[in-house]
Amino acid sequence: MKRVNITKYLFLLIIMLCLSPQIVKSQSRFSLMPGIFYNGSFVREDVSGIGLIMGMEFMPKTNHFFSIELRTKYGYYSFDDGTKWSQDNDGYWEAPVNRGDPRLEYSLFSSQIGIVPKFYWHIDESVSLFVENEFASGLMSGRFKFKNKEKSKFTEPIFCYNIGIGAEFREKKHVFVGSLTFSTLNFRKNIKKHKPIGYNEYIPDQSVLFLVNFIYKIAL
């Protein structure tokens, strides 16, 4: 079955929106939202990911209490079950947390597209706070190694809900946005479905827990 390229269709939609006559008449209502993100628990042995963001936000009028964003993300995630040597912040090597062969390790890519309703509280002309809810779906694809022997490569659909708080800082013509959210994204169910026949090792929890976004907002 032919794989659907979600990111391609999102960018096509953004281009169509930008060329629409209706949007041209109300340019201040729409903003492009490029940025970067970190997705993880801040613990080295757990799942962690980094990636890029591209979104389009609609706000009914300037400084309105509500907006909605169409957001796409493309991230790289990794996990090694704590069985590899690693370097600390000073460059010294540290022994593995878990000894022996890894039960599971992988590197995967995930493309996601979501709807993000936001509720704003505008403190003054330069600072606003908001609560955001992100409903996202997409694909995870990568190569997974089980017990240092069996390898499996697969593509699976994923869904997650993220809720958190953020702030928007305006400095002349520049607008910077940051948010911290709790994420329900978890790869464990997808990975268990593709484990090798006869593989009975415990698969650790694959929750990423937190999502940190850094975005530069560009009004159209």
Roughly speaking, to the nearest percent, how much of region 136-211's 1.4 Å accessible area is carbon and sulfur?
-> 57
Once all protein chains are kept in place, Val131 shows an accessible area at probe 1.4 Å, nearest 10 Å², of 60
For region 172-220, take the alpha-carbon Rg, divide it by the Kirkwood Rh, and send me Rg/Rh.
-> 1.31
Starting from the Cα-Cα distance between Glu201 and Val131, subtract it from 0.36 nm times their residue separation and give me the gain in nm to one decimal.
-> 21.2 nm
Taking amide hydrogens as modeled 1.01 Å from N in the peptide plane, which residues meet the under 5 Å criterion relative to Leu209, leaving out close sequence neighbours?
-> Ser183, Leu185
Angstrom value of the Kirkwood radius, inverse mean 1/r, which spans all Cα pairs in region 105-220 = 16.6
SASA check, His174, accessible area w/ 1.4 Å probe, all protein chains in place, rounded to nearest 10 Å², comes out at 90
Can you give the FRET efficiency for His194 and Asp90, using 1/(1 + (r/R0)^6), R0 = 45 Å, r = Cβ-Cβ distance, to the nearest 0.05?
-> 0.70
Once you put a point 7 Å from the Cα of Leu32 and another 7 Å from the Cα of Leu52, both along the Cβ direction, what distance in nm separates them?
-> 1.2
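The values are calculated or read from the model by the stated rules, or taken from the named source; none is laboratory data. In this text, all values refer to a predicted model and were calculated from it rather than measured experimentally. Note: ideal-geometry Cβ built from the backbone for every residue, glycine included; neighbour counts use all protein chains shown. SASA here: full protein model, heavy atoms, side chains in, ligands and nucleic acids out. Shrake-Rupley method; radii C 1.70, N 1.55, O 1.52, S 1.80 Å.
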